[in-house]
Amino acid sequence: MTEVSDKLSKIDLSHSSCSEENESSSEDDSEEECVPDFPVAMWDFNQCDPKKCSGRKLARMNLVKCLKQKQRFHGIVLTPTGEKCVSPADREIVETKGIAVVECSWARIDETPIAALKPVHGRLLPFLVATNPINYGRPCQLSCVEAIAATMYITGFKEEADF
């Protein structure tokens, strides 16, 4: 955990593009981190354990913007009510408008007001198996971090997904 904190403390969050080279990089900073230059957001329905919640961890690290329940998001919204899967064709939407995810408990998905979000670009993820400690090995029950990273990877933002 301290290794991640050390890496995050070295990151310049104002860096706007992963393709640009950091001319002042030192030998210690040989592996440049790749912060997305598009919005990454989430709606948090306060259903998860705050200590285990990957979405809240992203928020604490200022890597995701928290949205209010009635707040609209015009980018890709990862939601179980989506009608089609994320695909490479969604790259332009992600690049210009970003990615948002719904942070809720899979055990309480039926009581989560997802339909009230009214996403413009609601998407599902393809069949993926979770590797998070809570749902390890369960198909289609990814954490927020896994879902966001998978979307970035699928839409061609592989360096950002790795970050």
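When only C-alpha pairs under 8 Å and at least 6 residues apart count, what is the relative contact order of the range 114-163, in percent?
Relative contact order comes out at 23 percent.
Distance check, please: which entries in Lys70/Lys97; Lys65/Lys118; Lys68/Lys97; Lys68/Lys158 exceed 22 angstrom between their Cα atoms? Display every interim value, and only then the final one.
On the way: Lys70/Lys97 18 Å; Lys65/Lys118 18 Å; Lys68/Lys97 17 Å; Lys68/Lys158 29 Å.
Over 22 Å Cα-Cα: Lys68/Lys158.
Roughly speaking, to the nearest percent, how much of the range 76-143's 1.4 Å accessible area is carbon and sulfur? Working shown, then result.
Numbers: 2130 of 3850 Å².
Ligands and nucleic acids excluded, carbon and sulfur reach 55 percent.
In whole Hz, with x marking every Gly and Pro, tabulate ³J(HN,Hα) for the range 59-74 from phi via Karplus 6.51 cos²θ - 1.76 cosθ + 1.60, θ = phi - 60°.
Those phi angles translate into 5, 4, 8, 6, 9, 9, 9, 7, 9, 7, 4, 8, 6, 8, 9, 9 Hz.
Mind checking the full-extension length gain between Asn135 and Ala116? Use 0.36 nm per residue of separation minus the Cα-Cα distance, one decimal, nm. Intermediate values should be presented prior to the final figure.
Working: separation 19, 0.36 × 19 = 6.84 nm, distance 2.61 nm.
Additional length available on full extension: 4.2 nm.
Just reorder Arg91, Arg56 by solvent-accessible area, largest first, 1.4 Å probe, all chains present.
Arg91, Arg56
Quick one: Cα convex hull volume of the range 43-163, Å³ per residue?
104 Å³
The values are calculated or read from the model by the stated rules, or taken from the named source; none is laboratory data. For clarity, every value in this text was computed on a predicted model and none was experimentally measured. Areas reflect the complete protein model, heavy atoms only, side chains present, ligands, DNA and RNA absent. Shrake-Rupley method; radii C 1.70, N 1.55, O 1.52, S 1.80 Å.
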